[in-house]
Structure formats: C-alpha cells, structure tokens
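Working notes for the structure below.
The values are calculated or read from the model by the stated rules, or taken from the named source; none is laboratory data. From a predicted model like this one, the values you see are computed outputs, not experimental measurements. Neighbour counts run over all protein chains shown; Cβ positions are idealised from the backbone, glycine included.
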Amino acid sequence: MVTGLTTGGAEMMLFKLCSRLDRRRFAPSVISLSDKGAIGLRIEALGIPVYTLGMRPSRPSLAGLFRLSKLVSTLRPNLIQGWMYHGNLAASLAAGSKPVVWGIRQSLYGLDKERVLTRWVIRLGAVVSRYSHAIVYNSHTSARQHEAFGFDASRSRTIPNGFDTEVFNLDENARVGIRQELGLSANVVLIGLVGRYHPMKDHRTFLNAVALLGKEFPEAHFLLAGREVDADNPALGAMLVEFELGDRVFLLGERKDIPQLNAALDIASSASAWGEGFANVIGEAMSCGVPCVVTDVGDSAWIVGDTGRVVPPRDPVALATAWMSLIALSRDERQTLGILARQRVIEKFSLGSVVKQYEDLYESLMSRAGM
C-alpha cells in the first residue's frame, strides 16, 4: 500500500521488490492511494495487479477510505506492507487484525521542510507506530531520527535499498554512446547528478560548485537528469545564467536509460541538503563502477564508504574541492575506485539479498500470526 507511483527512488525500490519476490511463496497486489503513474504500469507488466483509489495525499477523503476498506476486504491479504508515510497509515487503518509492516523511505531532519498535512501524518505516525508489527527503514540514520521523534523503536528493522548489478554494470559502449550524443570527446571529464527537481536535491549548491570548479577545470562537463530537470524549468535556467555556466551543463530531463547515463560518467554526485534515507542514485552509480561525491545526508556516507568522497550539505566549496580531488587522479585511478565501489554494492546491497530480508520478515510475521 503506497502513497503514489510516480517515478522516484521510493517507488522504484517498491518496483524492484515486486520484481524479485518469490511468486511461488507470495502473490502480491499493490494499492496506490493516488494514481497508477509510470511505476504502476511497470508493476502491472510484472503480472502484479495494481489498484488505484484516486485520492490526493494533500486531501484524503472519507469516500477514498471507504473504497480502501472495501478493496482490502475483497483482496483478503495475509499481510499488508505500507510504503511511505501516507501509505503506512492507510495500511494500519485497513489491516484489521492482519500483520502490518511499515516502510519509511526518508530521513527526518525536521518537519519544517514538509507539507503541512505531511507534518501531521508524521506526528500521527509516531503515535500509531506501536500498533504496527514492524517498521522497515531503508537507512540507519532514518531509524535513529524517527525513533528520537517518537516512533516505536521496538518495531525497527533496517533493510537497505538493493541494486540489480546486472542492469547497473560497467558499460564502455554506453560511455562512448552517451558522449557522442552530447558531442563530447572520450577524454572529457563528465560529472553527473541524477534526481528529480526538488529543493531537497539542492541543484543550486550543485550548480554553484560547477561554477567554482570551472575556474580550475573549465574543460569539465556536467550531466543532470531527472523529472523537471530540463530546459523548460525556469528556475534551473536562471541558475545557469546566474552562475555563467554556458554550454558545460546538459539538462536531459527524465530518462529511461539511467544505467547507460551512469556508465558514461567519470564521477557521480549527490548534493542533497536533507531528506534522503538511502539514495538509490548513489548505489546505481557505484554499481556501474563510478566513484561518487556525496553530501553527508541520510546513509550516503555509509553507502560510499572509502570508495568516494563525502562532504557537508549546502557547501559548494567542499563539493567542488572533492570533485577536484578525483579529477586530479588518473583515469585508471578513478576506475580502480569505481571497481571498489561496485564491489561494495555487490557485497552489501545486492537486490537478491535485500529482497530475501523482506521475504524472511513477511514469513516470520505471518507464521507468528498463525498463517
């Protein structure tokens, strides 16, 4: 039971979980409180039914909750997995006596950045959390922050995001192809940031760092991709003019070839200022053999370990300096770091091992409930 199914890291992890669940043991269905979105279509393509309630997260309705209750009564699930704040509360409302697992996919540095209704949902969640059977966080930082806010610590489990290392892999052909698309030569340093346009992603700090780096390495180029990260975004356009970035920054918008984009990079980056729990984009780039420079938000520092660089959030000087330290390496040295990054993903964050943790949790809870 998920808040919505637009393209985002939390929604993509739900898709990946659905894609790998052992269908001999589980028969999943997905309920979206809002609409089907792009991820809902992908889940349906797996042969998994997706139901939508047409509610707006900013304005829940009694009619929507009635439809939810009726749908759950029809589906008769053995267990309900909530996904994100609104989905978690809806799961608890609809579950009756069935086991309920909550899924919290973000960190909680404070409520001031959240919408008004989401603030109340989080506050209510802290109270209601004791009635869930387990709360799965995708990062250790998120678990600590929510527990400090009042979420029941006795229910906490941490299961990181997982990555398909066959899909996200080293790909020299992609490196050549993407650079040809952008009109770049093979030896140009290409730094990337993948993520939707949102204040928490802090594109401003990223572009400010681009301007600072340009004073030392004017030949470096930058690739940005994600929803609303395109030439039609007036805020991004204004930043490009403000920082005088010229034609060194490519705004590619939402793309379906993220594995190929990652494989084309020399350095991947996350500039997020808050809100990240376990950033998918970091693990995806690492899985493609790309060293990362990340801000110390959520579990980003733990994900990267000693295979990249970690800097404070909202610090363009530190971000640019970290890029410089990797640019100063030879390509062979950067590739060695990238191989270490990929190996870290394989050892700690492989999709198969992550899905098994969910499966084991589900079976444990259902067995305890006598199912």
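Below, the figures for the structure above:
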read-out	value
Selected residue [surrounded by fewer than 18 Cβ atoms within 10 Å (Cβ to Cβ), under 27 Å from residue 122 (Cβ atoms) and among the basic types (Lys, Arg)] from 144, 204	144
Qualifying helices (runs of 4 or more DSSP H) (wholly inside segment 54-133; at least 3 residues being among the small types (Gly, Ala, Ser))	62-75, 85-95
Subset of segment 154-180 [exposed (fewer than 14 other Cβ atoms within 10 Å of the Cβ) and not polar (S, T, N, Q)]	166, 167, 172, 176
The lone exception for residue 124 - which of (1) of a type outside the set (D, E, K, R); (2) under 19 Å from residue 5 (Cβ atoms); (3) more than 18 Å from the chain's Cα centre (by Cα) it fails	(2)
Flag if residue 283 is crowded, with 24+ Cβ neighbours inside 10 Å, within 18 Å of residue 13 (Cα to Cα) and not aromatic (Phe, Trp, Tyr)	yes
Residue that is out of contact with any Leu (no Cβ under 6 Å at 6 or more places or on another chain) and within 25 Å of residue 101 (Cβ to Cβ), where the choices are 330, 350	350
Selection status of residue 95, under 23 Å from the mean Cα position of the chain (by Cα), crowded, with 18+ Cβ neighbours inside 10 Å and over 27 Å from residue 254 (Cβ atoms)	no
Where residue 81 falls short, out of the listed (1) among the polar types (S, T, N, Q); (2) surrounded by 18 or more Cβ atoms within 10 Å (Cβ to Cβ); (3) over 26 Å from residue 159 (Cα atoms)	(3)
Residue within segment 194-207 that is in a loop (DSSP other than H, G, I, E, B), of a type outside the set (D, E, K, R) and within 30 Å of residue 333 (Cβ to Cβ) present	yes
Residue within segment 3-10 that is assigned to a loop (DSSP other than H, G, I, E, B) and surrounded by fewer than 16 Cβ atoms within 10 Å (Cβ to Cβ) present	no
Qualifying residue in segment 307-314 (condition: among the aliphatic types (A, V, I, L, M) and free of Cβ contacts under 8 Å to residues at least 24 places away in the same chain)	yes
Any hit, segment 59-75, residues being within 17 Å of residue 12 (Cβ to Cβ) and over 18 Å from the mean Cα position of the chain (by Cα)	no
Selection status of residue 189, in contact with a Gly (Cβ under 7 Å, 6 or more places away or on another chain), surrounded by 19 or more Cβ atoms within 10 Å (Cβ to Cβ) and not assigned by TED's automatic domain parsing to the domain that holds residue 127	no
Within segment 208-254, considering residues that are in contact with a helix residue (DSSP H, G or I) (Cβ under 6 Å, 6 or more places away or on another chain) and assigned to a helix (DSSP H, G or I), the one surrounded by the fewest Cβ atoms within 10 Å (Cβ to Cβ)	212
